[in-house]
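Everything below concerns the one structure shown next.
The values are calculated or read from the model by the stated rules, or taken from the named source; none is laboratory data. Only a predicted model underlies this, so the values are computations on that prediction, with no experimental measurement involved. Note that we place each Cβ from the backbone using ideal geometry, even for glycine, and neighbour counts take in every protein chain shown. For the accessible areas, the whole protein counts, side chains as well, though only heavy atoms, and no ligand, DNA or RNA atoms are used. Shrake-Rupley method; radii C 1.70, N 1.55, O 1.52, S 1.80 Å.
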Amino acid sequence: MEFIDPELLAYCEAHTSSEEEILQKITRETQAKVLMPRMLSGPLQGKFLELLVKMYRPQTILEIGTYTGYSAICLAKGLGESGKLITLDINDELEDRVRGFFEESGLNEKIDYRLGNALDLIPQIPGDFDFVFIDADKENYLTYYQLVIDRVPSGGVILADNVLWSGKVLPKGRKKLDKDTAALLDFNQFVEEDSRVENILLPLRDGIMLARKL
Ligand code: SAH
Ligand code: CA
């Protein structure tokens, strides 16, 4: 489901800095060769992530859910000289392709790509996360948030993608309440009530929750 008029969306894309060649290539190859290409970030979301990183200037970014590396490259592109991105994914079938894209992007040095279940990997990573992008299995969004919140310093941010879940967060947008939708409803409610953060649910694409640690 598109939330905005497709012509308005095209107009927004036409007035957004254009997508780099490597991102276009990832989109083409993902659509041609990988399962579930609708999980890809698009040009608006990608530029949004890159610009947020440029404005916040985090040292360490944690991404949960690499998929084919589109959003990882956008995040890494925003990083300064000494910044690092740690990106996690459970799907090792994509590993070779994704490592190839990172190599080609020229950002490989900044990207620490780890394969495994994020629930196990996160506690093994030492240090703070200035910027977290949650975009893996929807069922565990709240668990990921709980795993990272105490490791995000004051002023740091947590973003979570797809929090409108194609409109299924509203009763009129769904036939029945499935477990992913229920998990996202819990997540959105929890963040809204969490006094440790100030937050905005942005209706960008499929919805992005942006929470800033107080
Ligand atoms: N951030 C990517 C899209 C991620 S799609 C982009 O915007 O381009 C979601 C990804 O989460 C999938 O690749 C899936 O393999 C991964 N995932 C699902 N469950 C996971 C888990 N428990 N741990 C780590 N990754 C997981
Ligand atoms: Ca997503």
With every protein chain left in place, what is the accessible area per residue of the chain in square angstrom, probe 1.4 Å? 51 Å²
Once phi is turned into ³J(HN,Hα) by the Karplus curve 6.51 cos²θ - 1.76 cosθ + 1.60 with θ = phi - 60°, what whole-Hz value does each residue of the range 59-71 show in order, with x for glycine and proline? 7, 10, 10, 10, 10, 10, x, 7, 6, 9, x, 4, 5
Dipole of the chain [Lys/Arg +1, Asp/Glu -1 at C-beta], most positive-end residue of 66, 190, 147: 190
Could you rank the peptides 145-154, 69-78 by their average count of other C-beta atoms within 10 Å per residue, with the highest value first? 69-78, 145-154
For residue 33, go through the lysines and keep the ones whose alpha-carbon is under 20 Å away, minus same-chain ones fewer than eight residues off. 25
Relative to the compact globular guide of 2.2 N^0.38 Å, what is the alpha carbon radius of gyration of the chain, as a ratio? 0.97
In terms of Cα to Cα distance under 14 Å, which aspartates and glutamates are near enough to residue 213, apart from those fewer than 8 places away along the same chain? 128, 130, 150, 192, 193, 194, 198
Relative contact order as a percentage, the range 6-213, C-alpha pairs under 8 Å and 6+ apart, gives 16 percent
Under a point spin-label approximation (7 Å from Cα along Cα-to-Cβ), what is the residue 21-residue 54 distance to one decimal in nm? 2.0 nm
Between residue 36 and residue 125, what's the calculated FRET efficiency when r is the beta-carbon distance and R0 is 22 Å? Round to 0.05. 0.25
Take the solvent-accessible surface of the protein heavy atoms, probe 1.4 Å, and return the percent of it on the chain that carbon and sulfur atoms account for. 53 percent
Straight-line reach from residue 176: which lysines fall under 19 Å, measuring Cα to Cα and dropping same-chain residues less than 8 apart? 138, 168
Between the alpha carbon centres of the range 141-214 and the range 27-63 the gap in Å comes to 18 Å
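Taking the Cα centre of the chain as origin, sum charge times position over the Cβ atoms of Lys and Arg (+1) and Asp and Glu (-1), and report the length of that vector in debye to the nearest 20.
380 debye
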Positive end of the charge dipole of the chain (Lys, Arg +1 and Asp, Glu -1 on Cβ, about the Cα centre): tell me which of 200, 56, 129 has its Cα farthest that way. 200
